[in-house]
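The values are calculated or read from the model by the stated rules, or taken from the named source; none is laboratory data. Just so you know, these numbers come straight off a predicted model, no measurement behind them. All Cβ positions, glycine included, derive from the backbone under ideal geometry; neighbour counts span all protein chains shown. Note: accessible area is taken over every heavy atom of the protein model, side chains too, but ligands, DNA and RNA are not part of it. Shrake-Rupley method; radii C 1.70, N 1.55, O 1.52, S 1.80 Å.
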Amino acid sequence: MTLRILVTGGGGFIGSHLCQRLLNSGHSVLCLDNFSSSSPRNIAAFASNPRFQLIERDVAAPLFTEVDQIYNLACPASPVQYQRDPVHTLRTNAVGAMNVLELARSGGIRVLQTSTSEVYGDPNIHPQPESYWGHVNPIGLRACYDEGKRCAEALFFAYHRQHSVDIKVVRIFNTYGPRTQMNDGRVVSNLIVQALRGEDLTIYGNGSQTRSFCYVDDLLTGLIAMMNSEPGFTGPVNLGNPRETTILELAHLIREHTHSRSKIVFKPLPQDDPRQRMPDIALARERLHWSPSTSLEEGLRHTIEYFQQELQTSTCS
Ligand code: UDP
């Protein structure tokens with residue numbers, strides 16, 4: 001069955017890959033984005049597809065349209081980007097969630113919220129299962145994103161209980177791949193771009209903090225599996241790669257795969273930077289029959305190739 005699907009944040013890094021995958025499956029895609037932290041170049045490859053439509057606007061502005069499903073991805077996800085305008089980040093998360101929920105309520109349709117591992121904050125439980133309530137500083141620099149996403153989860157469950165809206169909630173752990181912006185600020189793109197330019201690789205703190213990196217293609221499979229999972233299964237479900245890596249290990253891997261001789265330099269650790277993060281994906285395995293299949297080495301190779309081309313294009317133009 002082909003559907004008309006709204007993807008908010010469809011011009012972003014994950015959103016644009018999702019639009020492409022949905023179009024490839026024969027669906028029509030309505031992409032909503034204001035390109036506040038992404039580029040229209042992300043959608044260039046399929047912008048002329050007759051089944052693709054772009055609405056250039058903010059998710060926090062009221063929206064009226066008829067669709068069959070909604071994926072809500074609209075929000076800057078890099079700490080550098082979401083801290084630039086924290087009020088707008090909170091607004092995007094809270095008002096944006098209400099807007100898509102109202103649309104789902106009035107149309108009687110399913111809506112999927114992309115939440116985040118940031119709802120666990122600087123976790124005291126490791127790895128993090130969905131049952132963990134988290135350890136978040138509500139007034140810290142990351143609060144605009146962490147609490148914004150927590151508020152969105154609360155809104156999703158309130159609409160589900162009060163108005164029987166058909167909701168799905170996933171918590172996305174660190175994801176990387178092609179179409180991250182060169183100035184995005186997150187660690188994988190920062191280190192790859194620095195390595196390719198022969199600049200110093202910047203490690204914040206001593207590099208012993210950990211993250212678990214999921215390649216974007218694997219994440220998409222999980223997102224779509226959750227959207228189409230059995231009725232009544234709301235989540236939240238963790239989606240991420242359970243291989244835990246220190247940031248220092250990541251820097252060494254990137255240096256090796258780019259054949260770079262860049263030096264590693266240490267910078268101050270940002271406030272409230274989580275010390276460790278790794279998803280417990282038992283629930284996704286059981287209910288969605290999902291687990292990632294791309295190794296970090298393979299995913300990095302694809303991502304490095306992408307940034308090599310981006311750098312060539314930017315130096316030629
Ligand atoms: N980080 C780093 N160098 C960079 C960018 C980030 O060492 O150039 C660190 C950052 O302090 C954090 C980890 O890498 O500990 C992941 O940061 P990112 O911004 O990618 O995402 P987060 O998981 O913190 O939201």
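Observations, loosely collected:
- Counted charge near E118, where neighbours are those whose Cβ lies closer than 12 Å (Asp, Glu -1; Lys, Arg +1): 0
- Counting only alpha carbon atoms, the long axis of helix 296-316 and the longest principal axis of the chain meet at about 80°.
- Average accessible surface for the chain: 44 Å² per residue, computed with a 1.4 Å probe over protein heavy atoms with every protein chain in place.
- Counted by Cβ distance under 11 Å from L32, the other residues give a net charge of -2, where Lys and Arg count +1 and Asp and Glu count -1.
- Max mean-square fluctuation residue, GNM over the chain, Cα-Cα springs under 10 Å, options I55, I254, I203: I55
- A Gaussian network model of the chain, with springs between Cα atoms under 10 Å, assigns the largest mean-square fluctuation among R186, R110, R287 to R287.
- Structural size metrics of the chain, computed from C-alpha coordinates, are Rg and Dmax of 18.8, 58 Å.
- Rounded tilt (10° steps) of 86-107 against the dominant C-alpha axis of the chain: 30 degrees
- Normalised convex hull volume, region 158-246, alpha-carbon set, Å³ per residue: 131 Å³
- Tensor-based shape of region 84-132 (alpha-carbon gyration tensor, a/c under 1.5 rounded, otherwise prolate or oblate): oblate
- To put it simply, the accessible area of the chain at a 1.4 Å probe is 51 percent carbon and sulfur.
- For the chain, a Gaussian network of Cα nodes joined below 10 Å ranks D166, D218, D272 by mean-square fluctuation, and the top entry is D272.
- Counted charge near I264, where neighbours are those whose Cβ lies closer than 15 Å (Asp, Glu -1; Lys, Arg +1): +1
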